[in-house]
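Just so it is clear, none of the values below were taken in a lab; they were calculated from the coordinates. The structure presented is a predicted model; accordingly, all values stated were derived computationally and were not measured. All Cβ positions, glycine included, derive from the backbone under ideal geometry; neighbour counts span all protein chains shown.
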Amino acid sequence: MAQSSPLDAYIAGLPKAELHLHIEGSLEPELMFELAQRNNVAIPYDSVQAVRAAYDFSNLQDFLDIYYAGAAVLLTRQDFEYLAFAYFQRAAADNVRHAEIFFDPQTHTDRGVPFGVVVEGLIAGIDRAKAELGVSSGLILSFLRHLTEDEAFATLEAAKPYLHHFIGVGLDSSEVGHPPSKFQRVFAAARDLGLKLCAHAGEEGPPAYVHEALDLLHIDRIDHGNRSMEDESLIARLAAEQMTLTVCPLSNLKLCVVKDLKDHPVPEMLRRGLHVTLNSDDPSYFGGYVNENYSQLAQAVGLTREQVTQLAKNSFEGSFLSTEEKATLISEVESYAAKG
Ligand code: HPA
Ligand code: ZN
C-alpha cells in the first residue's frame, strides 16, 4: 500500500477480532507450491509468481474456481495444521486477539480427505495459536451452497463426533441461485445441536437473500451483507436488531462487489447505525490481512480514529465469546484508544 500514516500505526496496535476468514483462503502461494510438490498434486502454475498473477477476478465465481483448485494441495493433518498456524501468525502480527474462522469440509471430503483429518489438523493449529501466540479462536463449519441440502445434512452428520470443536455453522460459495431457503432445515438442525448460525448473504445476492437469512435461517450474524443497503426497511431492521455484519473491503474490491474502495458502503453503514466489522475473507487471494483492510478502507473513505476504534469494538461485541470475555477485550480497546 501507499505511505503509512499515523492512523495506520494506530490500526496496527489496535486489539481486534477477525470474524470472517476462510482458512482455505489464507493459503499463500508459497505454501500452495510447497504442498503441491510434497503431496504430488498437479496445479496449473509453474511458479509462485504465476499463482499470484492468476488472482485477477471479475466476480465471485471466478475466484471460487481458483480457490477450490488451490485447496486441492491440502491432504494431510499436518497440512491443515500448517495452514491454520500460518494464518494465526499473520493474525497475531496484526494484533488479532480472537478469530472465528470458517472451513469448508466438503471441499476436502469430496476429494477423499477424511473429515477427521481436516478437523484434527485445524484444531492442532488452533491449539498452537492459543499456546504460542495467545490468539483464541473458534471454528465455523461452512456448508457449500452450490451443493444440495442432502449433502449439507451428510456433512452435519459427519461433524457430530467433533461437535465440541465447533462454535457454529456458515453458508458460503456461489450465492446467486442458491438462496438461504435451500438450507432452512439443515440450519434448524444445527441450531438444535447448540451451534451458532452465520450465512453469507447480500455479497452478490439481492436483499431478499438477507431477509431469508434472517427470517428462515434465524442467523446470529451476516457475512458481507453489502446489498442490504439497497433496501430501506432492511437497513432499519438490521440497525434495530444490531445485527453484526462481517464486511470485507478488499474482498469486495477484488470480486468487483465495489468498483473502487472509495465507493465502499461502510461509511454509510456506520452513519445508518449498522453493527459493522472489518475482516479479510480470503487474505491470500485478496491482497491483505485484517490491518490492510482497515488501513486501505480508512484511507479510501476517510475513516476517523473514532470510527476505526468503533469497528474494533464491534468485532469483539459481534463475536461468539462470552459476555465476560467480550467485556475484557473491549476494555482493552478502550485503554488503547485512551492512550492513543
Ligand atoms: N463468498 C462466498 N464464498 C466464499 C467466499 C466469499 O467471499 N470466500 C470463500 N468462500
Ligand atoms: Zn467469505
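As a check on your grasp of the helix formula, calculate [θ] at 222 nm for the chain: sum -39500 (n - 2.57) over DSSP H runs of n ≥ 4, divide by the residue count, round to the nearest 500.
-14500 deg cm²/dmol
First measure r as the distance between the Cβ atoms of Val176 and Ala131, then evaluate 1/(1 + (r/R0)^6) with R0 = 56 Å and state the FRET efficiency to the nearest 0.05.
E between Val176 and Ala131, to the nearest 0.05, is 0.85.
Can you give the FRET efficiency for Arg52 and Asp192, using 1/(1 + (r/R0)^6), R0 = 56 Å, r = Cβ-Cβ distance, to the nearest 0.05?
Result of the calculation: an efficiency of 0.80.
Using R₀ = 41 Å, calculate the FRET efficiency as 1/(1 + (r/R₀)^6) where r is the Cβ-Cβ separation of Phe153 and Asn39; round to 0.05. Write down the numbers at each step before the final one.
Working: r = 30 Å, r/R0 = 0.73.
After rounding, the FRET efficiency stands at 0.85.
If you take the charge dipole of the chain about its Cα centre, with +1 on Lys and Arg Cβ and -1 on Asp and Glu Cβ, which of Tyr10, Leu64, Ala298 is farthest toward its positive end?
Tyr10
Of Lys130/Lys326; Lys196/Lys262; Lys262/Lys313, which ones are farther than 25 Å apart at the Cα? Can you show the working numbers first?
Working: Lys130/Lys326 17 Å; Lys196/Lys262 33 Å; Lys262/Lys313 23 Å.
Pairs exceeding 25 Å: Lys196/Lys262.
Quick check for me: using +1 on Lys/Arg Cβ and -1 on Asp/Glu Cβ, what's the dipole size of the chain about its Cα centre, in debye to the nearest 20?
My answer is approximately 600 debye.
Out of the stretch 238-340, which trypsin sites (Lys or Arg not before Pro) are coil in DSSP terms and have no more than 15 other C-beta atoms within 10 Å? Could the numbers behind the result be given before it?
On the way: sites: Lys254, Lys259, Lys262, Arg271, Arg272, Arg305, Lys313, Lys326, Lys339; in loops: Lys259, Arg272.
Within the stretch 238-340, the qualifying trypsin sites (Lys or Arg not before Pro) (loop, at most 15 other Cβ atoms within 10 Å) are Lys259.
Hey, could you pull the Cα Rg and Dmax for the stretch 73-205, both in Å?
Radius of gyration, then largest Cα-Cα span, for the stretch 73-205: 14.9, 43 Å.
Which of the trypsin sites (Lys or Arg not before Pro) found in the stretch 106-144 are in a DSSP loop and have at most 15 neighbouring Cβ atoms, other than their own, within 10 Å? Intermediate values should be presented prior to the final figure.
Details: sites: Arg111, Arg128, Lys130; in loops: Arg111.
Answer by residue number: Arg111.
Net charge near Gln37: determine it from the other residues with C-beta under 13 Å of the C-beta of Gln37, scoring Lys and Arg +1 and Asp and Glu -1.
Residues close to Gln37 contribute a combined charge of -3.
If you place +1 on the Cβ of every Lys and Arg, -1 on the Cβ of every Asp and Glu, and leave all else neutral, what size is the dipole of the stretch 133-255 about its Cα centre, to the nearest 20 Debye?
320
Using the Kirkwood radius over Cα pairs, work out the Stokes-Einstein diffusion coefficient for the chain at 37 °C and 0.692 mPa s, in µm²/s as a whole number.
Value of D from the Cα-based Kirkwood radius: 164 µm²/s.
Over all Cα pairs of the stretch 188-340, how is the pair count split among 10 Å bins, expressed in % and running from 0 up to the last occupied bin?
Calculated P(r), rounded to whole percents: 11, 39, 37, 12, 1.
Treat each spin label as a single point 7 Å out from the Cα along the C-beta direction, and report the Ala208 to Ala239 distance in nm.
Spacing of the two 7 Å Cα→Cβ label points: 2.6 nm.
Using the charge dipole of the chain (Lys, Arg: +1 at Cβ; Asp, Glu: -1 at Cβ; taken about the Cα centre), state which of Ile330, Pro114, Asn314 has its Cα farthest towards the positive end.
Highest projection toward the positive end goes to Ile330.
Over the chain, what is the mean sequence separation of C-alpha contacts under 8 Å (at least six apart), divided by residue count, expressed as relative contact order in percent? Write out the running numbers ahead of the final one.
Working: 579 pairs, mean separation 69.9, N = 340.
Reported relative contact order: 21 percent.
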